[in-house]
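Peer 1: Here it is: the structure, laid out below.
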Amino acid sequence: MTPIAYSIFQTEDYDEAAAFWQRTPYIGLSSADKCEAISIFLARNPGFSFTARDGDTLVGTVLLGHDGRRGYMYHLAVAAEYRGQGIARELIRLGLEALRGAGIEKCHLFVYTDNQNALEFYRHEGWQQREELVIFSMNV
Ligand SMILES: CC(C)(COP(=O)(O)OP(=O)(O)OC[C@H]1O[C@@H](n2cnc3c(N)ncnc32)[C@H](O)[C@@H]1OP(=O)(O)O)[C@@H](O)C(=O)NCCC(=O)NCCS
């Protein structure tokens, strides 16, 4: 069995990743996920986002970036048939290590309230659920 290969997410990965995200439940997609927007995100945050591949096949993604104060994680996803092998844990480890290297001390992420699977995963992995915070958004 070929080991899973982890690489820095490049703009060239976009088309495959976008198709993967579209077929993965609970990966919320918006205009901020168009190719140009993701390319800008990757250029502003070089070396923080990762892919996992089995041979040529994309089986996992994670996007991380920071604003100089805090880190943010988006689009953690592992293909259904590859779950339970530690791929998400390794993608997160790589991303958090990169944030740490940039002097960032805390990372936030967003989860749909009915995504029970991801909620259980993050709790299991030691993430703190912030009961005292609510997200507000506005179009600008
Ligand atoms: C959440 C997700 C990324 C987990 O990926 P994964 O590769 O299966 O996770 P890992 O194999 O790295 O799991 C690491 C650990 O978490 C545990 N774990 C995984 N899913 C879990 C769950 N739903 N509940 C509790 N523990 C879980 C694993 O058992 C493992 O722990 P162990 O080593 O003690 O056995 C995957 O289920 C997924 O892609 N879901 C759909 C997309 C999604 O909802 N993403 C989150 C968006 S916010």
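Every number here is computed from the coordinates shown, using simple stated rules; none is lab data. Since the structure is predicted, the reported quantities are computational estimates derived from the model, not experimental observations. Positions of Cβ are backbone-derived with ideal geometry, glycine not excepted, and every protein chain shown enters the neighbour counts.
Peer 1: Out of all the residues in segment 21-35, which are surrounded by 13 or more Cβ atoms within 10 Å (Cβ to Cβ), within 13 Å of the ligand (Cβ to nearest atom) and either farther than 16 Å from Leu76 by Cβ or among the hydrophobic types (A, V, I, L, M, F, W, C) (or both)?
Peer 2: Trp21, Ile27
Peer 1: Restricting attention to segment 109-139, report how many residues are over 19 Å from Gly28 (Cα atoms) and assigned to a loop (DSSP other than H, G, I, E, B).
Peer 2: Of the residues in that region, 9 qualify.
Peer 1: So which residues in segment 36-86 are within 11 Å of the ligand (Cβ to nearest atom), more than 14 Å from Gln10 (Cβ to Cβ), outside any loop (DSSP other than H, G, I, E, B) and not β-branched (Val, Ile, Thr), if there are any at all?
Peer 2: Residues satisfying the conditions are Gly60, Met73, Tyr74, His75, Leu76, Ala77, Ala80, Glu81, Tyr82.
Peer 1: Moving on. From the list Glu120, Glu132, which residue is away from the ligand (no atom under 16 Å from the Cβ) and acidic (Asp, Glu)?
Peer 2: Glu132
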